[in-house]
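The values are calculated or read from the model by the stated rules, or taken from the named source; none is laboratory data. All values derive from a computational prediction rather than experimental measurement. Cβ sites come from the backbone with ideal geometry, for glycine too, and all protein chains shown count toward neighbours. For the accessible areas, the whole protein counts, side chains as well, though only heavy atoms, and no ligand, DNA or RNA atoms are used. Shrake-Rupley method; radii C 1.70, N 1.55, O 1.52, S 1.80 Å.
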Amino acid sequence: MSAADPARFAEEWEIHRLGQLYARAMDRNEPAILGEIFSDDGMVEGPGFKIQGHTDLLGIPAMLKKQYSSTFHAVHNQTVTFDGDTASGETYCSAYHLTKTGEKTGSRLDWAIRYQDRFVRQNGRWRFSHRRLIVDSAQTVTVDLPHG
Amino acid sequence: MSAADPARFAEEWEIHRLGQLYARAMDRNEPAILGEIFSDDGMVEGPGFKIQGHTDLLGIPAMLKKQYSSTFHAVHNQTVTFDGDTASGETYCSAYHLTKTGEKTGSRLDWAIRYQDRFVRQNGRWRFSHRRLIVDSAQTVTVDLPHG
Amino acid sequence: MSAADPARFAEEWEIHRLGQLYARAMDRNEPAILGEIFSDDGMVEGPGFKIQGHTDLLGIPAMLKKQYSSTFHAVHNQTVTFDGDTASGETYCSAYHLTKTGEKTGSRLDWAIRYQDRFVRQNGRWRFSHRRLIVDSAQTVTVDLPHG
């Protein structure tokens, strides 16, 4: 928590952006992004699953597509602590998992997540090395789908 | 996704701020902000509406005021791609539209939005040229209003 | 709303980070953070409470711990206006207050907050001098707790 330092701000922003690109990879089915934002041996783990390495990580969007009609990952606050070429932090997210139940209706599983993140800098770029999902609370709600 | 570059991050931050100023214009009824953040021929379009040009854009907050007791636009993640003096991106938002139903109770229409945004740089400043609302899902909930 | 200026953006980012550290102090029970992010005579006030000075501010996380099983403060958009060594702004937040009702179930009080914030720069660092909670709307929902 030192005074404003543009260089440090840029690094925090770069790490902040990783969480936003993760959301985009999942919600828009853009698996190639995951290869860019995870280290080679990067891992994601959550309630009942553990996925490691680019081959398997790049398969997550297709898995979500099979299980849900669509997802919506709203990314919120993040605090990060730097330690040389590694860093660790916590990232808040509201993750919605939609299942269509009618032409313009759906059932949505909402997770309030605090990702426990670890980062590594390789070739001058920050990437995720590990994301662990803590699902603080979950609810299922009935929703309307204005665009069908 | 190049390495940390303070100048580029400042530009991303400037664009990020446009979405936050948009929320403020709507929720606090400050239409003048819209004249600052949209290009002269800027457009907003969503389910059932299309609004273009400063005269009409500056009328949106009053329209919302007529239709709802208040609104609350929580802005989340954004990814942007730059192309010279234009840029395009996606901005997540939870938009709450409140209708008072009693002294301390209300009905709230909640939209999970992914704005499809286009931006243009004019006279050294970024502005929206086009915002298209994709409402991923919607629900109506009963709420309490602690302040009345 | 001047053109991109890395130094100004770094300052906005520093202030933005205060809200995120506040969330962490509350949700992870790290009261020492509050001593870092509030001025000596800093105040937080909301519906039915007013808390001023480091001794009392540092007691808030323990108060929340007594009242709720856990909290989750998702921080959203913020707009800030600078005036020399002071600044003021508005910060959006979704604050969840969880009460366990069973081994894997809970009752969650959700607040949609617009903090009315004042900031002061002391010894080159920005801090909160005053946070006022405006709770725009509230609801109580039944939730599942995947981790128990």
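Side notes on the structure shown:
- Test: residue in segment C:81-88 that is in contact with a Gly (Cβ under 8 Å, 6 or more places away or on another chain) and within 14 Å of chain A (Cβ to nearest Cβ): no
- Residue match in segment C:51-68 (condition: within 13 Å of another protein chain (Cβ to nearest Cβ), of a type in the set (Ser, Thr, Tyr) and at negative phi): yes
- Residue selected from segment A:97-148 under the condition of a type in the set (Val, Ile, Thr) and under 29 Å from C:Ser70 (Cβ atoms), by the criterion most open to solvent (accessible area, probe 1.4 Å): A:Thr142
- Enumeration of residues in segment B:7-32 that are more than 8 Å from chain C (Cβ to nearest Cβ), in contact with a strand residue (DSSP E or B) (Cβ under 6 Å, 6 or more places away or on another chain) and closer than 19 Å to B:Lys65 by Cα: B:Met26
- Unmet requirement for B:Leu64, which otherwise passes all of (1) within 22 Å of A:Ala95 (Cα to Cα); (2) out of contact with any Phe, Trp or Tyr (no Cβ under 9 Å at 6 or more places or on another chain): (1)
- Only listed residue being among the polar types (S, T, N, Q) and in contact (Cβ under 8 Å) with a residue 40 or more places away in the chain, chosen from A:Thr86, A:Thr81: A:Thr86
- Residue check for A:Phe82: touching a helix residue (DSSP H, G or I) at 6+ places or on another chain (Cβ under 7 Å) and either over 28 Å from C:Val141 (Cα atoms) or not basic (Lys, Arg) (or both): no
- Unmet criterion (only one of (1) among the hydroxyl-bearing types (Ser, Thr, Tyr); (2) facing another protein chain (nearest Cβ under 7 Å); (3) touching a residue at least 12 places away in the same chain (Cβ under 8 Å)) for B:Thr91: (2)
- Answer residue from segment B:37-81, given it is closer than 21 Å to B:Glu11 by Cα and β-branched (Val, Ile, Thr) and is most open to solvent (accessible area, probe 1.4 Å) among those: B:Thr81
- Exclusive hit being without any contact (Cβ under 8 Å) to a residue 40 or more places away in the chain, small (Gly, Ala, Ser) and away from chain B (no Cβ under 14 Å), set A:Gly48, A:Gly35: A:Gly48
- C:Glu90 being out of contact with any strand residue (DSSP E or B) (no Cβ under 8 Å at 6 or more places or on another chain) and at pLDDT 95 or above: no
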